[in-house]
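For reference, the structure discussed in these notes is given below.
Laboratory data are not the source of any read-out in this text; all were calculated from the coordinates shown. From a predicted model like this one, the values you see are computed outputs, not experimental measurements. So basically every Cβ, Gly included, is an ideal-geometry build from the backbone, and we count neighbours across all protein chains shown.
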There are 2 protein chains.
Amino acid sequence: MSSGDPGSNLDQTFELGDVSLACGRILPQAQLRYRVYGTLAADRSNLVLYPSSYGARPDDIDWVVGPILDPEHWCIVLVNQFGNGVSSSPSNSDLGLPENGWQLDHRDNLRAQVRLLEEVFKVERPALVYGWSMGAQQAYHWGVLEPQRAQRLCCLCGTARTTPHNRLFLLSLRQALTADPCWNGTGFEGVPEAGLRTFALIYASWAASQPFYRAEPYRRQGYASVEEYVEQAWLPAYRRHDPHDLLTMLDVWLANDVAAAAGCGDDLAAALGRITADTLVMAGSHDLYFTPDDCAAEARLIPGAQFRRIESVLGHRAGNPRDAPEVQAVIRAALDTLLADALTND
Amino acid sequence: MSSGDPGSNLDQTFELGDVSLACGRILPQAQLRYRVYGTLAADRSNLVLYPSSYGARPDDIDWVVGPILDPEHWCIVLVNQFGNGVSSSPSNSDLGLPENGWQLDHRDNLRAQVRLLEEVFKVERPALVYGWSMGAQQAYHWGVLEPQRAQRLCCLCGTARTTPHNRLFLLSLRQALTADPCWNGTGFEGVPEAGLRTFALIYASWAASQPFYRAEPYRRQGYASVEEYVEQAWLPAYRRHDPHDLLTMLDVWLANDVAAAAGCGDDLAAALGRITADTLVMAGSHDLYFTPDDCAAEARLIPGAQFRRIESVLGHRAGNPRDAPEVQAVIRAALDTLLADALTND
């Protein structure tokens, strides 16, 4: 099922069969795709679930295996969230958009992930759910909706409920795509080149930070201007996706709300109060949409949660510091504290 | 020419004739439109120039007459910047877009305003140039390019050179409009409804602040959601404009750079070092595109400038606090200090 050789079991498929989504629709022949790094212990106590973030594919985020999550110790299961074009998504299944009556949300990701761990790995209680951004949203859903299963959560730069300000950012992204001439009211007829360009500009402006751009670090990489940097370094990351998939992931993010998912109505405190996992919440000092204040406010509602602020001009990307070893070290150190009891039991 | 009765001389026109723009094009029969509040003193020492901000028309910003600028003391000349649909703009003149070889910039506003004061008011040296946002950009141009004329500057929530991060925000706005199906590559054929909706969402997300939205103050005004608030309270402010005018004002903002305008190349310090005016720089604590750090960094390059931070969740709009008397009082107090010598000379 897994191996000590990181990366040796790439892109495996878990066939879910026909799945009832939280919105009431049935998704036929649903699939989760996942990767495994490290070896599952005989007592099945070392599984770390690592759900994917917005627009991410495994190769984008598996750098954490090693610098953050040691595959010599953990069996790391990187799972693609629905809608990312690898697991079931509008581009590869019957899944549709809200315009056609579909509404995916993180409850659907959670249920499928619970089944993956139970049916494939025979694991009821992952040692850790580790997630950045939309991955953190999924980790919060584990904590609130499956408190008996979630032992530990590491939530990096994400919130358990999407804030009004974050919502505006997402609505601007959604509107950017659907303003394209290729949009026909219910779907895209072709590649929305103009809409994707707006999308990349909006995303780039929010996902880093003002001091990041002030220093113009992209000039050292050979980009002549900020517009060239976005055109060449950001736009391709979105253009590679089917635009319907981009919308679906936005819609899941917009719908993200553990209180509603838990039947607590508007009472976020009641929902987060259900978390029994040891929880580490980390926020980027300059994250513009998952602000440190928003993350810290949620952490205060989680019994015993630790909150750590990552000082970095990377903004939202401080939680995914692929090329910033000094930030990786900060996350690793905080995570090792969260995992100390599991590590000393060895 | 003016009267002690505020608002009695509305929307006057200054005919500039054919104007050579900084880009080399001639704008035939150019016009500045302006309003006057208060009475010009016999010695012509009390003129305050108040250039308009992005998308603003006089009725949007003349609330400062009274709470901030006392018309009993000052003769306040509110001048519409080119491109705002009141002074010469694509919608009412031959002025075109960069796509057709036109590039307006603040040197053009400055030259026209110098002529307005000289030819209409016989004033060489305004007592104060007061501006918010793009108005502050114009005030900086007065200070750098006309140091012998500019006695005092009050620059609220604006920079003398557009920063890379601010540039991204503007590029996303420009791309949002030109991604609309009405855009034909050089102009709009109809109202870009979809593009305007993206535009309003982007603008609303940047121009307030995260804590502003966190408190959902618009719910007290009867808006059910942040999307309803943007649709009803922000979108109409942009839809009322000709979309070509919206692009022209963006292009002026993108081109904003006193260093380039002064022939100093990339040397902002050299340009700002030319300012001899008593200068007050104010920034909003939560301004997301004219950040306090950016404004303070420029203030340090201006000989003798004062820098004041306005603590407010209004974000960029802390510099235009129409409905926030407590913020008005902060600005008024700082401004009274700047003007103390002029006031004691009475």
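Quick notes
- Structure remark: mean-square fluctuation, Gaussian network model of chain B, C-alpha springs under 10 Å; the largest value among B:160, B:215, B:30 belongs to B:215.
- Here the protein assembly as shown is treated as an ellipsoid with the same Cα gyration tensor; its semi-axes, largest first and in whole Å, are 52, 26, 22.
- Exercise: per-residue mean of other protein chain Cβ atoms within 10 Å, B:205-212: 5
- Axis-nearest residue of A (beta carbon) for the A-onto-B rotation, whole Å: A:181, 2
- Only the Cβ atoms of Lys and Arg (+1) and of Asp and Glu (-1) were treated as charged; on that basis the dipole of the range B:166-251 about its Cα centre amounts to roughly 360 debye.
- Expected 222 nm ellipticity per residue - DSSP helices of 4 or more, -39500 (n - 2.57), all of chain A, to 500: -9500 deg cm²/dmol
- Averaging the sequence gap over all C-alpha pairs within less than 8 Å and six or more residues apart, then dividing by the number of residues, gives the range B:166-251 a relative contact order of 31 percent.
- Residue order for A:214, A:33, fewest other beta carbons within 10 angstrom first, comes to A:214, A:33.
- Taking amide H atoms as placed 1.01 Å from N in the peptide plane, the amide H of residue A:183 lies under 5 Å from those of A:189, each 5 or more residues away in sequence or on another chain.
- Using only alpha-carbon positions in the range B:166-251, the gyration tensor eigenvalues give semi-axes of 25, 14, 9 Å once each is multiplied by 5 and square-rooted (largest first).
- Rounded if a/c under 1.5, otherwise prolate or oblate - the range A:275-346, Cα gyration tensor axes: oblate
- Using a 7 Å Cα-to-Cβ projection, residue B:263 label spacings across copies, nm, ascending: 7.7
- Look at the stretch A:188-201: the mean tally of other chain Cβ atoms within 10 Å of its residues' Cβ atoms is 4.
- In the elastic network of chain B, a GNM with C-alpha springs shorter than 10 Å, the most mobile of B:105, B:293, B:323 is B:323.
- Across the range B:75-86, computed HN-Hα scalar couplings (Karplus, 6.51 cos²θ - 1.76 cosθ + 1.60, θ = phi - 60°) run 9, 9, 10, 8, 10, 7, 5, 4, x, 8, x, 10 Hz from first to last residue, x flagging Gly and Pro.
- Shown for residue B:120: label points 7 Å from Cα along the beta-carbon vector, and their distances to the equivalent points in the other copies, 7.1 nm in ascending order.
- Computed magnitude of the charge dipole of chain A (debye, nearest 20; Cβ of K, R +1, Cβ of D, E -1): 360
- When +1 charges are put on Lys and Arg Cβ atoms and -1 charges on Asp and Glu Cβ atoms, the dipole computed for the protein assembly as shown relative to its Cα centre reaches about 580 debye.
- Amide H contacts for residue A:308 (H built 1.01 Å from N in the peptide plane; partners 5 or more residues away or on another chain; cut-off under 5 Å): A:281, A:282, A:283.
- Our coupling estimate for the range A:263-268, obtained by passing each phi through the Karplus curve with A = 6.51, B = -1.76, C = 1.60 and θ = phi - 60°, is x, 9, x, 9, 8, 5 Hz, Gly and Pro reported as x.
- Kirkwood's formula applied to the C-alpha pairs of the range B:200-346 gives a hydrodynamic radius of 17.7 angstrom.
- Alpha-carbon Rg/Rh ratio, for chain B, with Rh computed the Kirkwood way: 0.94
- Choice from B:277, B:204, B:329 showing the highest fluctuation, given a GNM over chain B with Cα pairs closer than 10 Å: B:329
- 10 Å Cβ neighbours from other chains, averaged over peptide A:176-187: 4
- Residues whose amide H falls under 5 Å from that of residue A:288, counting only those 5 or more places apart or on a different chain, are A:316, with hydrogens built in the peptide plane.
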